Each structure stands twice: as structure tokens, then as C-alpha cells.
1. Of the conditions (1) in a helix (DSSP H, G or I); (2) farther than 30 Å from Thr157 by Cβ; (3) over 14 Å from the mean Cα position of the chain (by Cα); (4) at pLDDT below 85, Lys18 satisfies every one except a single condition; which number is it?
2. Show me the helices (runs of 4 or more DSSP H) found entirely inside the stretch 123-212 where at least 3 residues are more than 18 Å from the chain's Cα centre (by Cα) and at pLDDT 80 or above.
3. Which residues, taken from the stretch 24-62, are closer than 14 Å to Val134 by Cα and acidic (Asp, Glu)?
4. Hey, does the stretch 24-31 have a residue that's of a type in the set (Gly, Ala, Ser) and closer than 17 Å to Arg144 by Cβ?
5. For the stretch 22-120, please list each of the helices (runs of 4 or more DSSP H) lying entirely inside it that holds at least 3 residues being over 30 Å from Lys178 (Cα atoms) and modelled with pLDDT of 90 or more.
6. Which members of the stretch 87-117 meet the condition of being more than 18 Å from Glu42 (Cβ to Cβ), of a type in the set (S, T, N, Q) and surrounded by 14 or more Cβ atoms within 10 Å (Cβ to Cβ)?
Amino acid sequence: MKEIMVKEWTLLEKGERKLKEWKRNAEELNHQLHLGIAETKEEFEDQKKKLSLWLDSLEDTLGNAKEVSKEKFLSIKASMQELRLQIALGKTETIEHLHEQQRNIALGLHDLKQKLSSVYGASKEEANDIIEEVSDQLDSFHTRFDLFRLRMHLAKTDAEEDWNEKKKELAHKLAVVKARLIQAEKETDHKWESFSSEMSSAWRHFKKAFKG
């Protein structure tokens, strides 16, 4: 498995890279949002496979990182192994089992992110570049699995009308995010730190809607 590669990005390069990532995330989440129940189950399995492959690349990266002590690496590896066990469970046949599996995967993602943050919090700049990229990817996976949770919860309670209303709300929030990203692509005088803060806030508002 190819190791996650991180180079020294200029501020402009980092901004342009994140702009592309945010736009891709918005498009993929919008696609997931409009899937039916059967399609959602298939997408859930597909995301499990993608997460498994990504964990392989993350382990290679951490194994070669000089800033990570053996003790901390083993602690992170234990969290990754627990997450792999959840991912490796067979294809879910019922909404109830999918909901439970989603919950366990989401908890595993949260635990892994907490451990990674504790490792890199006071590390060198290049190490912080790694954790920033890893955290962004973890957030992406976490958001997708949270969306699965919401969809399956409302399906489990036969609240299809509630789901349709929530879907409209989330689709609107995504449309606002995507419109701002498209506008940003046309701008030439980016102030990336300010824009990053703006978009981070927009994503928080989107994810907050999962709680409602």
C-alpha cells in the first residue's frame, strides 16, 4: 500500500488543495444524500472498503514518522486495529445492524483522531502538516458515517417524511457551501486563512444539522 505523501505546501498551494477537497466532499455528500435505502447500504459497504485501504496507508506513514515514539505508535495502532475489526464485519442485512455498525465505526474514528491529535499537537511543522491532512480525511469519513447514521435512524423509525425534510435542509446547506467554493475558484486575491475559517464554519453548520 502506497504511503500517504505530504510535501511542504506554500500557503497558496494548501488553499488550492483544500478548495478542491471541499468541493469534492460537497459533491460526494450530495450524492450520498439522495441515495435510496438499498443504495445507501451499498454505499456504506463501499465507504468501509475505502476506509480500510486508507488505514493501511496511514499505518505506513506513521511507521516511518520519526516524531512518533514506539509507545504512541502502538497506541494508535491498537485504535486502528479496533476500527479494522468493525470494518471487517460482514455486510449488514438489516437497518438495525447497519445503524449499530455505523455507531461503532464512528466511535472508532473519533478515538483514532483523539490519539493522533495528542501525538502531533506539539510536533514539528512538517509533522503538523501530516496531522492536518490525516485529520481532514478522518473528518471526511466521520461526516459520511454520521450521514449514514441519520439516514438509518430515520429509516428504522419509519420517519420517511422527517428524512425528506432533513434531506432538503442538508441539500440547501451543501448548495450554499458549493456555491461559495465555486466563487472562490474564480477569485485571484485569496486570503486563505480567512477563507479557511469561513469554510470550516460552513462545514460545522452542515454537520450540526445531523444532530437535529
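The values are calculated or read from the model by the stated rules, or taken from the named source; none is laboratory data. These figures come from a predicted structure and were not determined experimentally. As a convention, Cβ positions derive from the backbone with ideal geometry for all residues, glycine included, and neighbour counts pool all protein chains shown.
1. Of the numbered conditions (1) in a helix (DSSP H, G or I); (2) farther than 30 Å from Thr157 by Cβ; (3) over 14 Å from the mean Cα position of the chain (by Cα); (4) at pLDDT below 85, the odd one out for Lys18 is (3).
2. On the way: elements: 125-156, 160-186, 192-208.
The qualifying helices (runs of 4 or more DSSP H) are 160-186.
3. Asp56, Glu59, Asp60
4. yes
5. Values: elements: 37-63, 70-87, 95-120.
In the stretch 22-120, the matching helices (runs of 4 or more DSSP H) lie at 70-87.
6. Asn104
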